[in-house]
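Written out below as structure tokens is the structure these notes cover.
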Amino acid sequence: MLRQMFNYKRWADQRTLDAVESIDQKKHPEAYAFALQQINHIVIVEELFKSRLTSDAPPHPSTNTDVVPVFRELNLRLKLSAKWYKHYVSHLGSLEEEIPFVFADGKRGMLRVEEILFHIVNHSSYHRGSIARALDLAHVPHPIDGYGIFIHETEPHRRDSRGS
């Protein structure tokens, strides 16, 4: 199920990235800037938790930056993150291992591996919802990214037209 969750996340993130890329930046600069900021935040959080899972030094001092990278960089970083998490869950040891770390606010915390992985999937879902509002403001249809849609798109044999 973990592999499936991260396949779903990658699929949903890509749908959102495609929609954000179609925003007319000249007509809707605020919506575009907001969407990029949200993507930036998503990827920073993923990179921070990756460092916690690997016992590496945190790559960022906070969960946002003063300067938001351009779309191309954010797109690449989010794809690299998806690839890393997919590999990680495919070669995972214990889900119960407790990972102590320091949150970006400086407070200590501890989460089990399974909780971190749940957070990564859930966190991006929350922010994709925020991005959907920016897409609405920019008159760009936001993608429907529910898990059922993912299953029916990626495994069409599971879609039974007979109903119940």
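Would you be able to tell me the number of residues in region 1-60 that are free of Cβ contacts under 8 Å to residues at least 12 places away in the same chain and in contact with a Pro (Cβ under 7 Å, 6 or more places away or on another chain)?
1
Can you tell me which residue among H157, H152, H123, H91 is modelled with pLDDT under 95 and under 15 Å from A12 (Cβ atoms)? Reasoning before the result, please.
On the way: H157 fails: under 15 Å from A12 (Cβ atoms); H123 fails: modelled with pLDDT under 95; H91 fails: under 15 Å from A12 (Cβ atoms).
Answer to the check: H152.
When the residues of region 136-153 are filtered to those that are in a helix (DSSP H, G or I) and not β-branched (V, I, T), which remaining residue is surrounded by the most Cβ atoms within 10 Å (Cβ to Cβ)? Step through it out loud before you land on a result.
Within region 136-153, the first condition is being in a helix (DSSP H, G or I), and the residues that meet it are 136-137, 147-153.
Pick out the ones that are also not β-branched (V, I, T) and you get 136-137, 147-148, 150, 152-153.
Working: D136: 12, L137: 15, Y147: 13, G148: 10, F150: 19, H152: 14, E153: 11.
Result: F150.
Among the residues of region 70-83, which ones are part of a helix (DSSP H, G or I), surrounded by fewer than 16 Cβ atoms within 10 Å (Cβ to Cβ) and of a type in the set (A, V, I, L, M, F, W, C)? Break it down into steps so the answer makes sense when it comes.
Going through region 70-83, the residues part of a helix (DSSP H, G or I) turn out to be 71-83.
Of the ones still in play, those that are also surrounded by fewer than 16 Cβ atoms within 10 Å (Cβ to Cβ) are 72-73, 76, 79-80, 83.
L76, L80, listed by residue number.
Inside region 93-103, can you point out the residues that are part of a strand (DSSP E or B), in contact (Cβ under 8 Å) with a residue 12 or more places away in the chain and not β-branched (V, I, T)?
E98, F101
Taking the condition of being over 19 Å from P58 (Cβ atoms) and among the aromatic types (F, W, Y), how many residues in region 71-114 meet it?
Qualifying residue count for the region: 1.
Taking into account only those residues within region 115-152 that are of a type in the set (D, E) and free of Cβ contacts under 8 Å to residues at least 24 places away in the same chain, which is nearest to A31 (Cα to Cα)?
Looking at residues that are of a type in the set (D, E) and free of Cβ contacts under 8 Å to residues at least 24 places away in the same chain, I get D136.
Of these, D56, D105, which one is among the charged types (D, E, K, R), within 19 Å of H123 (Cα to Cα) and surrounded by fewer than 19 Cβ atoms within 10 Å (Cβ to Cβ)?
D105 is the lone residue from the list that is among the charged types (D, E, K, R), within 19 Å of H123 (Cα to Cα) and surrounded by fewer than 19 Cβ atoms within 10 Å (Cβ to Cβ).
Could you tell me which numbered condition G106 fails, if it satisfies all but one of (1) more than 18 Å from M1 (Cα to Cα); (2) in contact with a Leu (Cβ under 8 Å, 6 or more places away or on another chain); (3) not in a helix (DSSP H, G or I)?
G106 satisfies every listed condition except (2).
The values are calculated or read from the model by the stated rules, or taken from the named source; none is laboratory data. None of these values were measured; they are calculated from a predicted model. Backbone-built Cβ (ideal geometry, glycine too); neighbour counts: all protein chains shown.
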